[in-house]
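Some notes on the structure that comes next.
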Amino acid sequence: MEIAKQRKTSLILIFLGYSCVYLDKTIIGMSIIPMAQDLGIDASQKGLILSTFFLGYTLFQIPFGYLGNRFGSRKIMIFSVLLIGALMFFLGLGFSLLYVLLIRFCAGSFAHAGYPSAVSGFITKEVPTDQRGPVQSSMIASSGFASVVGPLVAAPCLVAFGWKNTYFIYGIVVSLLAVIMLKGIPQRFGQKMSTKGKNTNLGLTEVLKDQNVWVLVLSSFFMNAAFYGLTSWQASYLVDTFHLTMGQTSGLTAAIGAVLMATAMGSGIIVKKYFLHREKGFILTAALIGGLAAFATSLTSNLIVCGFFLAIAVGCAGCAFSTLMSMPVKLFKAEEVSTKYSIINAVGVSGGFFAPIVMGQLVDLANGSYASAFIFIAITFGLSGLIALVIQKKKEAAPLEMTEN
């Protein structure tokens, strides 16, 4: 019972850590509006800032996947949250486009890159097999939690203190959470993994022979493009198109974030109850509905209708993304999850680098219109869902032993 209680406490802290990961990704979409005004940044340069983070994230996913196996998921998670807090603080010192690009690249490279694969490794090792899917979906649903809390807290801070002081405050709070995780997650959890007589770090060639890795990489790439394209540009779109205030934007963004949180968390329960072993069909359905909603957004000029379609699109992205990224803990052996997940997330998350740049260029080419950008998002939704149909199920893996450092 004591171990179960400690595991539950650890998972709550990991969820909060994941919320900080998504919080950093969420508030940049709002803070970039006053940041652009201060630094004289246009739409294409906004897209570059939003994308540079994902470039670093992509490049360092695989190295951190190996480090997770080498040092254990607990150390990687705590290190990541601590560094996220530090770099948020340093971003508050921003004085030029180049400096902001450097900090966002470092945040993606060294702070964020290790957290997702480390969480997956922790879940695979510490959570019973039948609970892994729902727990993984709940962790990814922290994106919705951050999308609700982030804008509601960030908007008043941005208005009252400015974007620089807002990052100072957020940086201190996130760093304190890292200290709480250090104290609250027992050292017996999240240690490095091994199987008898086996090396836990797979060779790259061996990983690339797995067809499911390729399928998940491609599907994840397009779903990341849809998800981060929507969430990164959402605030700018609402301000530029409907001339909303920061407070109004935060309210609507938070409402959409609530939909994201509910759908992402609910998807794990729905899949377990109604779509067990039929996850591919669920992903495709969510992707197609999300794509249609994104396309409908490009056709409307009414704020209420726009908010409705945006909520559907983001909610479907949450459903499809959380289900898709819970597949590795079901498909791969425990000793393979951290490495394979890091590769899937590394290449897949590059969609988050690709989409904001493309959308920024499309907005500039259309003289400020977002219609073509949302059509682009609709296409990425559809591609992700169709590719997911090729996923092949595998047998469960044998449990691992825990190895102390």
Principal axis extents for the range 62-176, Cα atoms only, whole Å, descending order, please. 47, 29, 22
From most to least accessible, 1.4 Å probe, no ligand or DNA/RNA atoms counted, 252, 299, 48 line up as 299, 48, 252
With every protein chain kept in the model, how would you rank 231, 380 by accessible area, 1.4 Å probe, largest at the top? 231, 380
Looking at the chain, do any whole DSSP H helices span at least 18 angstrom along their long axis by alpha carbon and average 1.0 or above on Kyte-Doolittle, and which? 73-91, 142-184, 279-297, 303-324, 351-365, 371-388
Which of the three applies to the range 226-353, rounded, prolate or oblate, going by the alpha-carbon gyration tensor with a ≥ b ≥ c and a/c under 1.5 meaning rounded? prolate
Of 25/330; 25/393; 25/75; 25/280; 8/273; 5/393, which pairs sit farther than 30 Å apart, going by alpha carbon to alpha carbon? 25/393; 5/393
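Expressed in whole Å with the largest first, what are the equivalent ellipsoid semi-axes of the range 320-368 derived from the C-alpha gyration tensor as the square root of 5 times each eigenvalue?
The three semi-axes for the range 320-368 are 33, 11, 4 Å.
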How big is the gap, in Å, between the Cα center of the range 298-352 and the Cα center of the range 55-97? 21 Å
Assuming a ≥ b ≥ c are the square roots of the Cα gyration tensor eigenvalues, decide whether the range 104-169 counts as rounded (a/c under 1.5), prolate (otherwise, with a/b larger than b/c) or oblate. oblate
Can you tell me the dipole magnitude for the range 56-187 around its Cα centre, using point charges on the Cβ only (Lys, Arg +1; Asp, Glu -1), in Debye to the nearest 20? 220 debye
Roughly how much of residue 99 is accessible, in Å² to the nearest 10, using a 1.4 Å probe? 40 Å²
Put 104, 7 in order of accessible area, largest first, probe 1.4 Å, and you get 7, 104
Cα-based Rg then Dmax for the range 1-93, in Å, read 16.7, 57
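Give me D for the range 286-388 in µm² s⁻¹, whole number, from Stokes-Einstein with Rh from the Kirkwood sum over alpha-carbon pairs, 37 °C and 0.692 mPa s.
After rounding, the answer is 221 µm²/s.
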Cβ-based charge dipole, the chain, positive-most Cα from 346, 390, 187: 187
For the chain, set up a GNM with springs between Cα atoms under 10 Å and report which of 155, 111, 366 has the largest fluctuation. 366
With the chain treated as a Gaussian network of Cα nodes joined by springs under 10 Å, which of 98, 182, 284 yields the largest mean-square fluctuation? 98
For residue 42, what accessible surface area do you get with a 1.4 Å probe? Give it in Å², rounded to 10. 80 Å²
Tell me the net charge near residue 89. Cut-off is 12 Å between Cβ atoms, residue 89 excluded, with +1 for each Lys or Arg and -1 for each Asp or Glu. 0
Given the protein chains as shown and a 1.4 Å probe, how many square angstrom of residue 97 are accessible, to the nearest 10? 50 Å²
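The values are calculated or read from the model by the stated rules, or taken from the named source; none is laboratory data. Note that this is a predicted model, so its numbers are computed, not measured. Here the Cβ is made from the backbone with ideal geometry for all residues, glycine too, and neighbour counts use every protein chain on show. Protein only, heavy atoms only, side chains kept; ligands, DNA and RNA dropped before computing areas. Shrake-Rupley method; radii C 1.70, N 1.55, O 1.52, S 1.80 Å.
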